Amino acid sequence: MIVTIDGVAASGKSSVASGVASALSIPYVSSGLLYRAATLLALEAGTSLSDAPALLSLLGAAPLRLEPLAGGNRIYLDTPDCPRELTADAHTSAVDAGVSALAQLPQLREWVNARLRALTPPFVAEGRDMGTAVFPQARAKFFLVASPRVRALRRVKERVGDVEAVEQALIARDEQDQLQSHPAADAQIIDTSDLDLAGVIAAVMAGLQERA
Ligand SMILES: Nc1ncnc2c1ncn2[C@@H]1O[C@H](COP(=O)(O)OP(=O)(O)OP(=O)(O)O)[C@@H](O)[C@H]1O
Ligand SMILES: Nc1ccn([C@H]2C[C@H](O)[C@@H](COP(=O)(O)O)O2)c(=O)n1
């Protein structure tokens, strides 16, 4: 069984996917973390975020390991002489600012998608295009939305920042990601603006029950 939870930036995908995965006692997979880790490595190496061959060469030599832990995905660089966890560094404003450029490259999307499709179900997969491009056969598909202001208020609770600036950055990232960020025709769209986290998880679980 595969459940997909897609949505716009900071709509609650990871938190909801984690809660649903825990309720189902299965792992969840954060596709965004793979794009973020690739962007982080590129920024650190000084590799252009639009140079697909150079990025693939960099990633081909990087022993990345994604741990789809129900409590929160973590990603590691298993370099023999200097193993390192990348999760926190992959969630910075610098990565936020660059990740969409890398994510627009078809070769990088295929690099991510091949890693995702190699996973053994059951799992919850969250991102932008899990229910459309990556797992169109998923048993249940959900797409989260929320107003930019609500998303910005949530984001500044976890990362210090100016709400106005964060809101504008989220709107910009929505526009940059729009090509791959649209709900599948058979996805249930959930507006989380007026729901707390438990309420969104309950809505997804109810949707799963309807598809049982
Ligand atoms: N319905 C909700 N009500 C209140 N807070 C929420 C809700 N959903 C998520 N949050 C909080 O909002 C923040 C962003 O959520 P989360 O990281 O899950 O979003 P995301 O869509 O995965 O973000 P990104 O696109 O950056 O990966 C987190 O602090 C999370 O706890
Ligand atoms: N399936 C996906 C997941 C993510 N992306 C891109 C777009 C986002 O800006 C970026 C980071 O994702 P997030 O951690 O914010 O969910 O990666 C994508 O294009 N497709």
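The values are calculated or read from the model by the stated rules, or taken from the named source; none is laboratory data. This one's a predicted model, so the numbers in the text were calculated from it and none came from an experiment. As a convention, Cβ positions derive from the backbone with ideal geometry for all residues, glycine included, and neighbour counts pool all protein chains shown. When the accessible area is computed, the model is the full protein with side chains, heavy atoms only, and any ligands, DNA or RNA have been set aside. Shrake-Rupley method; radii C 1.70, N 1.55, O 1.52, S 1.80 Å.
Quick notes on this structure:
- Within region 78-93, considering residues that are open to solvent by less than 70 Å² (accessible area, probe 1.4 Å) and within 16 Å of ligand 1 (Cβ to nearest atom), the one farthest from Val156 (Cα to Cα): Leu86
- Residue within region 114-129 that is within 18 Å of Gln178 (Cβ to Cβ), hydrophobic (A, V, I, L, M, F, W, C) and open to solvent by 60 Å² or more (accessible area, probe 1.4 Å) present: no
- All positions within region 38-54 that are buried (at least 16 other Cβ atoms within 10 Å of the Cβ) and either under 17 Å from Ala90 (Cα atoms) or among the charged types (D, E, K, R) (or both): Ala38, Thr39, Leu40, Leu41, Ala42, Leu43, Thr47, Leu49
- Every listed requirement among (1) in a helix (DSSP H, G or I); (2) buried (at least 16 other Cβ atoms within 10 Å of the Cβ) is met by Gln180 save one, (1).
- Residues that are open to solvent by 10 Å² or more (accessible area, probe 1.4 Å), modelled with pLDDT of 95 or more, within 12 Å of ligand 1 (Cβ to nearest atom) and touching a helix residue (DSSP H, G or I) at 6+ places or on another chain (Cβ under 8 Å), drawn from region 147-159: Leu153
- Residue that is under 17 Å from the mean Cα position of the chain (by Cα) and not β-branched (Val, Ile, Thr), where the choices are Gln188, Gln178, Gln168, Gln209: Gln178
- Some residue of region 160-171 being within 11 Å of ligand 1 (Cβ to nearest atom) and among the polar types (S, T, N, Q): no
- Residue match in region 63-71 (condition: under 13 Å from the mean Cα position of the chain (by Cα) and not charged (D, E, K, R)): yes
- For region 19-33, the count of residues that are within 23 Å of Gln180 (Cα to Cα), open to solvent by 50 Å² or more (accessible area, probe 1.4 Å) and under 11 Å from the mean Cα position of the chain (by Cα) is zero.
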